[in-house]
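All remarks here apply to the structure that follows.
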Amino acid sequence: MTENLLSPAEMERSDVLVLFGISGDLAKKMLLPALYRLTESGKLTVPVIGVAATDWDDDALRRHAREAVAAEGTDIDEEVFARFAANLSIVNGDFADASTFTRLREAVAGRGFVTYYLAIPPSLFTKVAGSLAAEGLNRNARLVVEKPFGHDLESARKLQDELSARFDNAHLLRVDHFLGSRAVESLMVSRFANTLLAPIWHRAYVDNVQITLAEDFDVADRGSFYDAVGCLRDVVQNHMLQVLALLVMEPPSATNAQAQGLEKWRALHATRTMDPAVTVRGQYDGYRDVEGVEPGSTTETYFATRMFVDNWRWADVPFYLRSGKAMAVSATEVVVELRKPPLELFGGDDIQTPPNIIRFRIDGDTGIRADLMLNKPESTDGP
């Protein structure tokens, strides 16, 4: 527990954002473009201090930020980027070096309430939190950590205890950035704002559900990070289980985090433990040749499993989860396959009518698509 010197109202906001790992892959692909968009919308006006083991100066960081925003395909507004760049600065140093945190303390001195965002390997969470506390930087501060949070239940509980010993638990946030996607948010909106889906959203009408997160790119220069994590911990136990929870949860009493969290907990509590007999792990060819990957690594780059949710709504409906790197295409989607009608009226020995499908595209060409059977305009014989 830490002593906070600011009032609760003052601690609702942040006066400065400190981003650990600002030179890393997560920051480049997601965080820096997101911060640019927040600047564009007028929601980010505070300083952003990056911390990384680089030889960059502030101008080098700004060039990196421009490259990150441009790589996302965003048309850069020079006036917006100038405001964004003016707020960027960097503290260089190794996270294991106490002097890094001394310099950081000088950089944030007198700035008010600070948010520390750890976009770094999970193995460094405790070290960084401890170093922040040793410099007194855990007062009037919020700590945000990215997934994965631990490597199993025991380590997750231990990590929670270690972090909450250094930061007030009310100011300790565990983030799954996948939930910030508009398309993921739309899963709950699609379910609970439309009466069209509600009557069929249960085992009487749903035959199976398929959740896919396929990426056509490999691990690139993230070999050492990915080899310690793997596909299951990288995206399945967080991103994909969050999507599963949104699909199977009961309607929350409100849209706030507490109400949603309660229904997600109930849904995941009813979810059956993964069965190794129906689980597949694999690697793409050449993975072990990636720099940072152990020569005999058994870390999976592909994972697939079948799961069940043991409650009245979803009993015996299989949920298929699959994800992988270096796949044929990139596709993040949910496919809800409905049961076929009880009698095949329009098929025959050589024709079977396909099932109705509701498809939620979460990445790329986002949206909802329904596949229904209709009669061809030029035909009078059947579908």
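The values are calculated or read from the model by the stated rules, or taken from the named source; none is laboratory data. Given the structure is predicted, the values throughout are model-derived calculations rather than measurements. Using ideal geometry, Cβ is built from the backbone for each residue, glycine included, and neighbour counts are taken over all protein chains shown.
Evaluate the following for Ala133: is it assigned by TED's automatic domain parsing to the domain that holds Gly50, at pLDDT below 95 and aliphatic (A, V, I, L, M)? Walk me through it before giving the result.
Values: assigned by TED's automatic domain parsing to the domain that holds Gly50: yes; at pLDDT below 95: no; aliphatic (A, V, I, L, M): yes.
So Ala133 fails the test.
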For segment 267-293, name all the residues that are assigned to a helix (DSSP H, G or I), under 21 Å from Leu153 (Cβ atoms) and touching a residue at least 40 places away in the same chain (Cβ under 8 Å).
-> Ala267
Check Val219, Val209 and return the single one that is part of a strand (DSSP E or B) and either buried (at least 19 other Cβ atoms within 10 Å of the Cβ) or among the polar types (S, T, N, Q) (or both).
-> Val209
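Between Arg322, Arg369, Arg306, which is more than 15 Å from Val236 (Cα to Cα), of a type in the set (Lys, Arg) and modelled with pLDDT of 85 or more?
On the way: Arg322 fails: more than 15 Å from Val236 (Cα to Cα); Arg306 fails: more than 15 Å from Val236 (Cα to Cα).
Exactly one of Arg322, Arg369, Arg306 is more than 15 Å from Val236 (Cα to Cα), of a type in the set (Lys, Arg) and modelled with pLDDT of 85 or more, namely Arg369.
Can you say whether Arg83 is in contact with a Gly (Cβ under 7 Å, 6 or more places away or on another chain) and of a type in the set (D, E, K, R), as far as the supplied structure shows?
On the way: in contact with a Gly (Cβ under 7 Å, 6 or more places away or on another chain): no; of a type in the set (D, E, K, R): yes.
It is false that Arg83 is in contact with a Gly (Cβ under 7 Å, 6 or more places away or on another chain) and of a type in the set (D, E, K, R).
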Identity of the residue in segment 58-76, more than 23 Å from the chain's Cα centre (by Cα) and at pLDDT below 95, that ends up surrounded by the most Cβ atoms within 10 Å (Cβ to Cβ) = Ile76
Checked segment 86-113 for anything touching a residue at least 24 places away in the same chain (Cβ under 8 Å), more than 24 Å from Asp59 (Cβ to Cβ) and outside any helix (DSSP H, G or I); matches are Ala96, Gly112, Phe113
Counting only residues that are at pLDDT below 95 and of a type in the set (Phe, Trp, Tyr), which one in segment 81-124 is surrounded by the most Cβ atoms within 10 Å (Cβ to Cβ)?
-> Phe113
Find all pairs meeting these conditions: Cβ atoms under 8 angstrom apart; at least six residues apart or on different chains; first residue within segment 219-240 and over 11 Å from Lys325 (Cβ atoms); second residue aromatic (Phe, Trp, Tyr) and assigned to a helix (DSSP H, G or I).
-> Asn238/Phe178; His239/Phe178
Of the residues in segment 136-168 that are hydrophobic (A, V, I, L, M, F, W, C), outside any loop (DSSP other than H, G, I, E, B) and more than 20 Å from the chain's Cα centre (by Cα), the one that is farthest from Asp234 (Cα to Cα) is Ala141
Within the group Val46, Val51, which residue is in contact with a Phe, Trp or Tyr (Cβ under 6 Å, 6 or more places away or on another chain) and within 25 Å of Asn138 (Cα to Cα)?
-> Val51
Based on what the data block shows, is Gln237 in the same structural domain as Arg37 (by TED's automatic domain parsing), of a type outside the set (D, E, K, R) and assigned to a helix (DSSP H, G or I)?
-> no
Looking at (1) modelled with pLDDT under 95; (2) more than 27 Å from Ser186 (Cα to Cα); (3) of a type outside the set (Ser, Thr, Tyr), which is the one condition that is false for Pro355?
-> (2)
If Thr54 passes every condition in (1) outside any helix (DSSP H, G or I); (2) under 27 Å from Tyr226 (Cα atoms); (3) modelled with pLDDT of 95 or more but one, which one does it miss?
-> (3)
Any idea which of Leu213, Leu247, Leu179 is within 24 Å of Phe360 (Cβ to Cβ), out of contact with any His (no Cβ under 9 Å at 6 or more places or on another chain) and not polar (S, T, N, Q)?
-> Leu247
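Do the conditions hold for Leu187, that is, is it surrounded by 13 or more Cβ atoms within 10 Å (Cβ to Cβ), farther than 27 Å from Ala326 by Cα and in contact (Cβ under 8 Å) with a residue 24 or more places away in the chain?
no
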